[in-house]
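The values are calculated or read from the model by the stated rules, or taken from the named source; none is laboratory data. All of these numbers come straight from a predicted model, not from anything done at the bench. In this analysis, Cβ positions are derived from the backbone assuming ideal geometry, glycine residues included, and neighbour counts consider all displayed protein chains. In case anyone asks, the SASA skips ligands and DNA or RNA and just uses the protein heavy atoms, side chains included. Shrake-Rupley method; radii C 1.70, N 1.55, O 1.52, S 1.80 Å.
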Amino acid sequence: MYSRRKFTKLAVNLAAAVIPLRAARIDSTIHGVLIGAQTYSFREMPLDSVIDAMQQIGLSECELFMGHVEPKGASGEELKKWRLSTPLSYFEDIRSKFDAASIQIAAYTLNFEDGFSDDELNRGFEMTKALGTDLITTSTTLTCAKRLAPLAKKHNVRVALHGHDQTSKPNEFSTRASFAEGLALSPMFYINLDIGHFTAANDDPVSYIRAMHKKILVLHLKDRKKDHGDNMPWGQGDTPIKPVLRLLRAKKWKIPCNIEYEYNQPGMDTVTEVRKCFDYCKRALA
């Protein structure tokens, strides 16, 4: 039997032993602007290496890319079976890894396709909640979004529509008009604005953010050329990354800005390049 004093001392010692197992707290907020990562930036890395890379760089928030969650190489019926049968504890364990690293999973990126069954769509919302977030970011279609609307309400999970620069495809999200059409489907629908793709579609992300900031939940940061041009190392394209970051700082709008590294070229190291992107943000917000 332990006395109260001995029990208290034992509890304190156990707590002290556990605390070092959790990573030191990191915070990648710069003058009120949260800079994180879309883990697609680290697409060639396994999940544990992604977490290590984010810690090395000092990034404290992410959108978790589906490619870091689902089995590599699986497709079709095999992948559908995996989605429907994998226990939710699998996703809870992933969340625990990020928690231990002091990195917040702010959103799960699950790209819903028209070919998904109703059960797969529903399961995506369950996965998201098991990962500890109430936000899905998705590259999807207008027709699929119509099927997502009742599920977003059912699960009380927000859906942020991600756009590309495919302005010739009316079923894709790319223009102000297409985003407006998507937002009209549900009050649970928001925007995941990729400022690089928006620039490549020949629109101005600064003015759009000014107009729509209440409905934009996440920004993707990349640098692209106008007229559907290439991804470029930051500062070499046409995307107004610095003006966007400074607008958020000035207006104190709490919209996470996630680095999406896509200009990879032969010989480039992912961790080095993502760190360069983070340093670019630091200079822009200094």
- Note on the structure: Result of the Cβ filter at 6 Å on region 258-285, keeping first residues that are aromatic (F, W, Y) and partners that are open to solvent by 10 Å² or more (accessible area, probe 1.4 Å), at least 6 apart or interchain, is Y261/E273; Y263/N231; Y263/M232; Y263/P233; F278/I57; Y280/W234
- Of the residues that make up region 225-243, is at least one farther than 20 Å from H197 by Cβ and not in a loop (DSSP other than H, G, I, E, B)? no
- When region 39-65 is checked residue by residue, the ones that are closer than 17 Å to T109 by Cα, part of a helix (DSSP H, G or I) and open to solvent by 50 Å² or more (accessible area, probe 1.4 Å) are Y40
- Item | From L193, L185, L219, residue being outside any strand (DSSP E or B) and in contact with a helix residue (DSSP H, G or I) (Cβ under 9 Å, 6 or more places away or on another chain) | L185
- Criterion violated by T143 - all others in (1) open to solvent by 20 Å² or more (accessible area, probe 1.4 Å); (2) of a type in the set (S, T, Y); (3) closer than 21 Å to L219 by Cα satisfied: (3)
- Note on the structure: Taking first residues from region 208-219 that are under 9 Å from L193 (Cα atoms) and touching a residue at least 40 places away in the same chain (Cβ under 8 Å) and second residues anywhere that are open to solvent by 50 Å² or more (accessible area, probe 1.4 Å) and assigned to a strand (DSSP E or B), the pairs with Cβ under 9 Å that are 6 or more apart or on different chains are L217/R158
- Query: L148 versus (1) among the aliphatic types (A, V, I, L, M); (2) farther than 25 Å from I209 by Cα; (3) more than 18 Å from the chain's Cα centre (by Cα); (4) in a helix (DSSP H, G or I): which is the lone unmet condition?
  - Reply: (2)
- Note on the structure: Note on region 256-286: residues in contact with a helix residue (DSSP H, G or I) (Cβ under 6 Å, 6 or more places away or on another chain), open to solvent by 10 Å² or more (accessible area, probe 1.4 Å) and under 17 Å from H197 (Cβ atoms) are E260
- Task: Working only within region 66-121, note down all residues that are open to solvent by 20 Å² or more (accessible area, probe 1.4 Å), within 17 Å of A152 (Cα to Cα) and part of a loop (DSSP other than H, G, I, E, B).
- Result: N111, E113, D114, S117
- Task: Have a look at H155, H164 and point out the one that is in contact with a strand residue (DSSP E or B) (Cβ under 9 Å, 6 or more places away or on another chain), open to solvent by 10 Å² or more (accessible area, probe 1.4 Å) and under 28 Å from H68 (Cβ atoms).
- Result: H164
- Does any residue of region 155-162 turn out to be within 20 Å of the chain's Cα centre (by Cα) and farther than 25 Å from L219 by Cβ? no
